[in-house]
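Shown next, in structure tokens, is the structure this report addresses.
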Amino acid sequence: MTELKESMQKAQARLKKRHAAETRFKMLGAGALIFAFLCVLMLFSSIISNGYTGFQQTYVKLEFYLDEDVIDPEGARELKTLQFANYAGVVKQSLRTKFADVKGRRDKRKLYGLISSSAGYALRDLVVADPSLIGTKQTVWVMASDEVDMLVKNVFDRNEDESTRPITDKEIAWVEVLEKEGRVEKRFNTNFFSAGDSREPEQAGIKGALVGSALTMLVTLGLSFPLGVMAAIYLEEFAPKNKFTDLVEVNINNLAAVPSIVFGLLGLAIFLNVFGMPRSAPVAGGMVLALMTLPTIIIAARAALKSIPPSIMEAAIGVGASKMQAVFHHQLPLALPGILTGTIIGMAQALGETAPLLMIGMVAFIADVPGTPFDPATVLPVQVYLWADSPERAFVEKTSAAIMVLLAFLITMNALAVLLRKKLERRW
């Protein structure tokens, strides 16, 4: 009886020990999840807090006298004359009129720096659209400089010593005069989505990078999807099972884990140096990313084809279909949701890649928006990389805002993959 009691006590002690181990494991798992969630929360909080102001831009309202002697002295109203007139001089004259007490070359230069150099282009577009405005006085909202923009957004502390900020007390006093007169306001920054890159932070936009990313992704999808699916079908259904195909399968699986910069080196050596493809063009970038995405699509497509019950193929062949007909008419359509999910995930990974594109020259400063896949272009991750390396404080918010746009694209693509899988998925 005593031995039975001791045995039961030992069993209960072991059970208690196992339960304690299970509880510790659950707590570690929950702790890891909470830590990961907090890290993601901190990341998003940092990006959003730095980047949401990038979607706003400060504008200043000024009166401009469109002096005919400056814009079109001959009065011929020729388009070329109107396009190349001295509109910067008109802007400076307006500022000198507004702040008539500003004397000295240095102070005047600081005064002119309150307004973005894009103000002259705004006046040019106004006059070219309606030449009858020449000789009249017009009130126009023009873009403020990046330093004034940062000041209005309270990035710079007005009460700090002026040696600690890039804008002087005198410039702040001029801005405060404009603010008191209601001549300064923040607007939604449409320029951020409609302009290409620029050395001036307030004029920089992501349109060129967005179009470059879209063209690069089109080339990537056009190459990697058909090649990846065809390779998966061949390896899964038609390839002979021997050592060579085993070697190919092992290498495909290994290629999915190769660092992306290796594909960039391959693209530099083959596409640019051997085939002479245009450097910094979406077509070269798309081909490099297609190489990187191919293993992901092949692996996902093979898994999707394997998941289809063999009875479907057997039934099709049993009623007289050839193997190719059974694959393309029955197996492939049923496996398509899984293939599309893997493809979208592979494309999302390619959209966020920077390293392979740096190797083929897509890191160059390109202000123009590309029109074809053969034009010089950059992509959104590379644009983020370039802005993050810029010393101006205004590029910090531009960088974070561009990251928010990139994250929005990536989240949308992943959500689309989940939606497709749930909508088209069939349970056997």
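Anything in segment 281-296 that is within 26 Å of Val369 (Cα to Cα) and open to solvent by 10 Å² or more (accessible area, probe 1.4 Å)? List them, or say none. Answer for segment 281-296, where residues must be within 26 Å of Val369 (Cα to Cα) and open to solvent by 10 Å² or more (accessible area, probe 1.4 Å): Val283, Met287, Leu291, Met292. Do you know which of the residues in segment 355-375 that are modelled with pLDDT of 85 or more and in contact with a Pro (Cβ under 7 Å, 6 or more places away or on another chain) is least open to solvent (accessible area, probe 1.4 Å)? Per the stated criteria, the residue is Pro370. Please go through segment 254-290 and pick out each residue that is aliphatic (A, V, I, L, M), in contact with a helix residue (DSSP H, G or I) (Cβ under 7 Å, 6 or more places away or on another chain) and over 26 Å from Leu334 (Cα atoms). Once the filter is applied, which keeps residues that are aliphatic (A, V, I, L, M), in contact with a helix residue (DSSP H, G or I) (Cβ under 7 Å, 6 or more places away or on another chain) and over 26 Å from Leu334 (Cα atoms), segment 254-290 yields Leu255, Ile261, Leu265, Leu266, Leu268, Leu272, Met277, Val283, Ala284, Met287, Val288, Leu289. For segment 376-389, a residue qualifies if it is open to solvent by 40 Å² or more (accessible area, probe 1.4 Å) and not small (Gly, Ala, Ser), and the qualifying residues are Pro376, Tyr385, Leu386, Asp389.
Yes/no matrix, rows are residues, columns are (1) under 30 Å from Leu151 (Cβ atoms); (2) within 13 Å of the chain's Cα centre (by Cα); (3) not aliphatic (A, V, I, L, M):
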site: Glu202; (1), (2), (3): yes, no, yes
site: Gly205; (1), (2), (3): yes, yes, yes
site: Leu210; (1), (2), (3): yes, yes, no
site: Ser213; (1), (2), (3): no, yes, yes
site: Leu218; (1), (2), (3): no, no, no
site: Phe225; (1), (2), (3): no, no, yes
site: Tyr234; (1), (2), (3): no, no, yes
site: Glu237; (1), (2), (3): no, no, yes
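Only one entry in Ala122, Ala144, Ala129 is crowded, with 16+ Cβ neighbours inside 10 Å, without any contact (Cβ under 8 Å) to a residue 24 or more places away in the chain and among the small types (Gly, Ala, Ser), namely Ala122.
Looking only at residues of segment 53-103 that are assigned to a strand (DSSP E or B) and open to solvent by 20 Å² or more (accessible area, probe 1.4 Å), we find that the one that is nearest to Glu397 (Cα to Cα) is Gln56. If you go through segment 203-228 and pick out every residue that is crowded, with 24+ Cβ neighbours inside 10 Å and farther than 14 Å from Met362 by Cβ, you end up with 4. Checked against (1) under 24 Å from the mean Cα position of the chain (by Cα); (2) in contact (Cβ under 8 Å) with a residue 40 or more places away in the chain, Phe64 meets all criteria but (1). Apart from one condition, Ile115 fits all of (1) in contact (Cβ under 8 Å) with a residue 24 or more places away in the chain; (2) over 20 Å from Ala173 (Cβ atoms); (3) among the β-branched types (Val, Ile, Thr); (4) surrounded by 15 or more Cβ atoms within 10 Å (Cβ to Cβ); the exception is (2).
Scanning segment 104-147 for residues that are part of a strand (DSSP E or B) and touching a Leu at 6+ places or on another chain (Cβ under 9 Å) yields Ile115, Lys137, Gln138, Thr139, Val140, Trp141, Val142, Ala144.
Restricted to segment 253-328, the set of helices (runs of 4 or more DSSP H) holding at least 2 residues that are within 24 Å of the chain's Cα centre (by Cα) and farther than 21 Å from Ile344 by Cα comprises 260-267. Can you tell me which residue within segment 154-190, out of those that are modelled with pLDDT of 90 or more and over 19 Å from Gly113 (Cα atoms), is most open to solvent (accessible area, probe 1.4 Å)? It comes out as Lys180. Within the set Ala394, Ala401, Ala417, the sole residue that is buried (at least 16 other Cβ atoms within 10 Å of the Cβ), touching a Gly at 6+ places or on another chain (Cβ under 6 Å) and among the small types (Gly, Ala, Ser) turns out to be Ala401.
The values are calculated or read from the model by the stated rules, or taken from the named source; none is laboratory data. As the structure is a computational prediction, the values presented were derived from the model and not from experiment. Reconstructed Cβ throughout: ideal geometry from the backbone, glycine too, with neighbour counts over all protein chains shown. All accessible areas refer to the heavy atoms of the entire protein, side chains included, with ligands and DNA or RNA removed. Shrake-Rupley method; radii C 1.70, N 1.55, O 1.52, S 1.80 Å.
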